[in-house]
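This report concerns only the one structure given below.
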Amino acid sequence: CELQLELASMAMHNVDFGVTVGNQPVNRSVKVVNRSEKAVEFQLFDPDHHLTEKGVTWTPLQSVVLRPKELLPIELRFNPSNHMAPFKLPLMAKTTLGQDVHLVNVSGTCHTAEVKLSEHSLLFGDVVFQSTGMRHVKLHNFGDLGVKFRFEVPPRVSQLFSVSPSSGFAAPHTDVSLVVQFHPVRGGSGPEGAAIGREAEQGKPKRIRCTVEPAYQQDPVELIVQGRGVEQPEGAVKTLDFTCAVREKVTEEITFPPDGKNPSNEPWKLNPILKTEVPNGVDYWFCPAEVVVPPGGQTKFDIAYRPLTMTLQDEDRPQQPDDSGGEEGTNLAATATRRQQKRPRELRPEQHKGSVFLATPDGNLHAWSLTGRASAPSFVEKLQATVQCKTTHVQGVEITNWLRESQRFSVKLSLVEPQDAGDEIRLHGVDSFDLPPGQRKEYKFNVFAYREGRGKARVVFSNPKTEEYYVAEVEFQFVTPQHVGEIKFSTACRQQASHPISIANPLPSPVVFTCEASLPEFRFSPADFTVPATSEGTVDVLFQPLLAGSGTASVKLSSKELGDYPYTVSYEVKPAGLEKAPVFKAPLGSTETIQTFKFLHYAKKPVTYSAKIEAAPGHKAPASDFLVETKAIQAPAAGDEPVEVSVDIRFQPSQLGEIRTLLVLASPEGGDYKALLVGYAQPPQPQGPVYMQASKPGEIEFTNPFEEAVEFSLQVDNPTFTVASRTLKIEGKKAAKIPIQFKSDQKQRGCLIIMASKVTTPWKYFLEGSP
């Protein structure tokens, strides 16, 4: 009969496991049916064992008898541990009938990490204690997946060997560069350190394991390392001596390697180990943090010595007293005792000591012993300042605390130049100064100088505990001050204001002062004055301005011994008030009233004043009612006392009642004078008698007192007196003659009456005629 052993479904003919990762099994299943008429015995097999190599297994593994129409499930399992390229392979069934049946095509792919080290073991050989031997290793990831890696170094091994980086990430098909270092030690702490310190123990091979994550990707890989620590050969430590003043810097240049070159094809990047050993806990030597040595070459770098404290000086050494006795021995003993009392509690070290180590990747160690001597400070900070005399100047001197602890300085402030200054230059400052560790602060002191010139001050900061000190010198240029004070005046014209000035004399002898001002309006009382020794004197500044306004001026007091005392004066002068003037009284129409106005002239030179009449504030009286009669108002130069000047004023009222106007006298040099002129206009008063003779014409001159033209009416009370016209029109402030005729053979008396509509009281002129 025909053999019909096949899959239950054609869809099962291809079994694809897809893409999986290592050590992560994938299962698939298919069903086989026997469609033959007889039972079939068969066994699944892999031609050439390719599926087995790919990590594919199946069940059942033994021979199976399958009856007609019977189904058999077949389980397939794909569990690769390494990278697997895509594949497609057949799974066959071998029957007892001598026929092979192709049942399934199996396909799949596996992506996994495959980490390996370029070196299985590293031999460092002999490496000097406190140096470091280095080897370069590559970590290869041949797989398709990136993994994290981490080197597990046992505690005992980590004291001797280290891997950098100790952990990281390895991308697919990439390499990671590793540096394995061997740093032997002479011993350790505890049982483990003691074991490591034995040379035989250090020379045995050690194992370092590298694990990957995820852990199922791959088993850990191991690196075997071996090395031995040896002592530095005798004479290999070199000595460098340094000498400089404290807080200054000196450098020494080193060629490295000193006895050879970098034998490798890669640059050495070395980190020097620099240490100050005496005194402990400070840094007095400095060098670059990294030294790069080119392949096959040498390099140079500097070691700097900057001590912050002095070493033992000759004067600090104890003096041995002379035991021979006698006066000389007694003096020496006393001197030694004083020195012992002056020395700090703990003597300074003879030398500062330090060391520098450079370990090279070839396992060698290069060492230098450093010694330094620090003498007393030679640096004096120089400062300069320009100071105005007669003014207190605050001078700052910055100082940095060079120690890592707080310092309290005793401060000595002294005047070095000029030595004979006495009290002419004064210095003042506190005698102690606290400075926190590592900080920079400003010490301030006051300086005051009386005269122009130069001076030099010295500031010494000393630490009583350590006897360390810092010196600063300030050179002063004392200049004439712009001003030592400001005087303010607020007054009115021609009013005298006063301001006192007090001057202190610190000298042991009297001082004579002269006074001067920039404006003639200033005077001094007294003009020159003397200030007694170590005493104080006062002078009054007198200000009597002539012109209104504001401005500035200068006043200076000078002496040969104490120099100049300039003052800035600011003033504000208001116009003077009204001057006192006479009161005028006159009847309406009168032009004969004249009075004299007097004022005081203060200017120190001859002045001509202009005069004008203005309307008084708040009044509308005509200005022409007052006239200035004095044509030229000239004032001679005034001396210490003012000069009186007179001005004649005529009053001719044009209306009844009170009349107010303003008299203004002005001069650019003498100032302005204003006076309120007050006049009282009375009703017209009778005038006469006017004598006339018969048959002879007579006349009366009459002035129109008003500002405008007015028509006056005329009449006489005696018919023997006649006027040519009953009315007469006269222009304002103009005069006109009124003709009058007298006809009688006897003496007669009469009255001419002149009337105007603007006033109720007429003007009356008495007439007296003779034949």
Heads up, the strands (runs of 3 or more DSSP E) in the stretch 124-164 (entirely inside) with at least 2 residues that are within 16 Å of residue 214 (Cα to Cα) and not aliphatic (A, V, I, L, M) are 147-152
Would you confirm whether any residue within the stretch 536-545 is part of a strand (DSSP E or B) and exposed (fewer than 13 other Cβ atoms within 10 Å of the Cβ)? yes
Exception for residue 437 within (1) touching a strand residue (DSSP E or B) at 6+ places or on another chain (Cβ under 7 Å); (2) open to solvent by 50 Å² or more (accessible area, probe 1.4 Å); (3) part of a loop (DSSP other than H, G, I, E, B) falls at (1)
With the condition being aliphatic (A, V, I, L, M) and open to solvent by less than 20 Å² (accessible area, probe 1.4 Å), I'd like the strands (runs of 3 or more DSSP E) fully within the stretch 678-748 carrying at least 2 qualifying residues. 710-716, 735-742
Residue 458 closer than 30 Å to residue 554 by Cα and surrounded by 12 or more Cβ atoms within 10 Å (Cβ to Cβ): no
Among the residues of the stretch 222-245, which ones are closer than 20 Å to residue 365 by Cα and touching a helix residue (DSSP H, G or I) at 6+ places or on another chain (Cβ under 9 Å)? 227, 228, 229, 230
I'm trying to understand the selection: among the residues of the stretch 553-563, which are open to solvent by less than 40 Å² (accessible area, probe 1.4 Å) and either under 12 Å from residue 519 (Cβ atoms) or outside any loop (DSSP other than H, G, I, E, B) (or both)? 553, 555, 557, 558, 559, 563
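If we keep just the residues of the stretch 109-120 that are out of contact with any Gly (no Cβ under 8 Å at 6 or more places or on another chain) and not in a loop (DSSP other than H, G, I, E, B), which is surrounded by the most Cβ atoms within 10 Å (Cβ to Cβ)?
This residue is 117.
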Look at the stretch 481-529 and say how many of its residues are open to solvent by 40 Å² or more (accessible area, probe 1.4 Å), polar (S, T, N, Q), closer than 28 Å to residue 422 by Cβ and within 44 Å of the chain's Cα centre (by Cα). 2
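Would you point out which residue out of 80, 86, 47 is over 60 Å from the mean Cα position of the chain (by Cα) and surrounded by 20 or more Cβ atoms within 10 Å (Cβ to Cβ)?
None of the others qualify; the one that does is 80.
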Single condition residue 673 does not satisfy, out of (1) over 60 Å from the mean Cα position of the chain (by Cα); (2) of a type outside the set (Asp, Glu); (3) not in a loop (DSSP other than H, G, I, E, B): (1)
Restricting the stretch 402-412 to residues that are out of contact with any Pro (no Cβ under 7 Å at 6 or more places or on another chain) and in a strand (DSSP E or B), which is surrounded by the fewest Cβ atoms within 10 Å (Cβ to Cβ)? 408
Here is a list of conditions, (1) touching a residue at least 60 places away in the same chain (Cβ under 8 Å); (2) under 22 Å from residue 554 (Cβ atoms); (3) open to solvent by less than 10 Å² (accessible area, probe 1.4 Å), and residue 450 meets all of them except one; can you say which number that is? (3)
Looking for something at pLDDT 85 or above, touching a Pro at 6+ places or on another chain (Cβ under 9 Å), among the hydroxyl-bearing types (Ser, Thr, Tyr) and open to solvent by less than 50 Å² (accessible area, probe 1.4 Å) - is there at least one such residue anywhere in the stretch 348-366? yes
In this structure, is residue 533 among the aliphatic types (A, V, I, L, M) and not in a strand (DSSP E or B)? yes
Taking the options 645, 573, 583, name whichever one is open to solvent by less than 60 Å² (accessible area, probe 1.4 Å), touching a residue at least 60 places away in the same chain (Cβ under 8 Å) and farther than 30 Å from residue 425 by Cα. 573
Return yes when residue 602 is of a type in the set (Phe, Trp, Tyr) and open to solvent by 40 Å² or more (accessible area, probe 1.4 Å) and no when it is not. yes
State the number of residues belonging to the stretch 369-401 that are in a strand (DSSP E or B), open to solvent by less than 40 Å² (accessible area, probe 1.4 Å), closer than 25 Å to residue 304 by Cα and among the aliphatic types (A, V, I, L, M). 3
Any chance residue 192 is open to solvent by less than 70 Å² (accessible area, probe 1.4 Å), at pLDDT below 75 and within 27 Å of residue 123 (Cβ to Cβ): no
Only residues in the stretch 355-366 that are without any contact (Cβ under 8 Å) to a residue 12 or more places away in the chain count as the first member; pair them with residues that are outside any strand (DSSP E or B), Cβ under 8 angstrom, at least 6 apart or cross-chain, and list the lot. none
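The values are calculated or read from the model by the stated rules, or taken from the named source; none is laboratory data. Nothing here was measured: the structure is a model prediction, and the numbers come from that model. With ideal geometry, Cβ positions are generated from the backbone for all residues, glycine too; neighbour counts draw on all protein chains shown. We work out accessible area using only protein heavy atoms, side chains counted, and drop any ligands, DNA or RNA first. Shrake-Rupley method; radii C 1.70, N 1.55, O 1.52, S 1.80 Å.
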